[in-house]
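Scroll down for the structure; my scribbles are underneath it.
Every read-out reported here was derived from the displayed coordinates using simple, explicitly stated rules and does not represent laboratory data. The shown structure was predicted, so the numbers you read here are calculated from the model rather than taken from an experiment. Methodologically, a virtual Cβ is constructed for each residue, glycine included, from the backbone with ideal geometry; neighbour enumeration extends over all protein chains shown.
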């Protein structure tokens, strides 16, 4: 297994938040009647929610102690984790464990379900292998495939496929749902991924990602016309305090992790722009969040507001055109085009590039035709 000091940070990169969430079928604590009356299921079944109004005769007490005392069959650790994760609100404001509860305070909280234990099953799923030797395997991950099992995706993942493909490899015989992983990309992001085939390779690769010495370039289609041909976006990225399924840029650096994205305009279509993004760091949803932060969300990025018309005209034909583009590529427009790293055994620099997939090309062709038609209309 790769060194935890290195692998944990890089595995934050570009992963769907849902993967880290827990299963709705695991044990649910039995609550007092007044808690159950206000219990609400999370829309994705990832958490259980509770609302509490403090009794008028309640003396002042620390929030963590109050909840531990009043919530039956719910461990102190589970409550503390909810507080630490920003999932406990008093009068609609997130509070720390030291907050003193007062009469008539309204407490709402979100408790994660106990983690689902994944049984990893090897699956004979075709893999597009770009390169393979005794130490590494480089694959073209198609959009729609999760990298490893998680909530709602317990099979059909890249790791399930690799476990079958590498069934004679000891590392992939232990049922580890993250075997060989040193970095990840989103479920709906297409592109290049490198996987280690032994512990030494994983450690070496993980260290490179930890030091940000790898080369990673992505192609993205974003809404709007960027003001500059190239630029750098810097901003700490962490969980959105108001929506735990999103990441968020903390401009003042008060929370989150340092993140840097460099971009370069490749082509302008007027209402959308094709850009190349180079990652200096690797944070969850980094490109998607940084582009939203500067006012240019990825085209058709549902999670970050790019799945609606943000630029353009009010004509019905334009609306139909955008809807047709969304249907052609029903995912956010992001592709991992280039990956470069030092080979863990030979020390040789290896670089791999990958052309855009068919759905991405088709959408760009539509925008080419649209832009050409608009220009022709103005020239007549």
inquiry  = Quick check on the exposure proxy: order 171, 291 from fewest to most C-beta atoms within 10 angstrom.
reply    = 171, 291
message = Between region 220-254 and region 147-185, what is the separation of their alpha carbon centroids in Å?
response = 30
request  = Report the full-extension gain for the segment residue 350 to residue 254: residue separation times 0.36 nm, less the Cα-Cα distance, to one decimal in nm.
outcome  = 30.8 nm
key: Per-pair calculated FRET efficiency, R0 = 25 Å: residue 93 and residue 61 via Cβ, rounded to 0.05   = 0.90
key: Mean Cα-pair separation over length for region 47-112, i.e. relative contact order, pairs under 8 Å, 6 or more apart, %   = 52
message = Let's test the formula: R0 of 41 Å, r as the Cβ-Cβ distance of residue 243 and residue 104. What FRET efficiency results, to the nearest 0.05?
response = 0.90
Inter-site label distance for residue 173 and residue 374 at 7 Å from Cα along Cβ, in nm = 5.9
query = With a 10 Å Cβ neighbour count serving as the proxy for reagent exposure, in which order, fewest first, do 53, 273, 284 appear?
reply = 53, 273, 284
inquiry  = Can you compute the FRET efficiency between residue 51 and residue 119 using 1/(1 + (r/R0)^6), with r the Cβ-Cβ distance and R0 = 30 Å? Round to the nearest 0.05.
reply    = 0.30
remark   = Taking 0.36 nm per residue of separation between residue 262 and residue 132 and subtracting their Cα-Cα distance, the length gained on full extension comes to 43.8 nm
key: Ratio Rg/Rh, restricted to region 284-336 and using Cα atoms, in which Rh is the Kirkwood radius   = 1.00
query = What is the fewest-to-most order of 331, 184 by other Cβ atoms lying within 10 Å of their Cβ?
reply = 331, 184
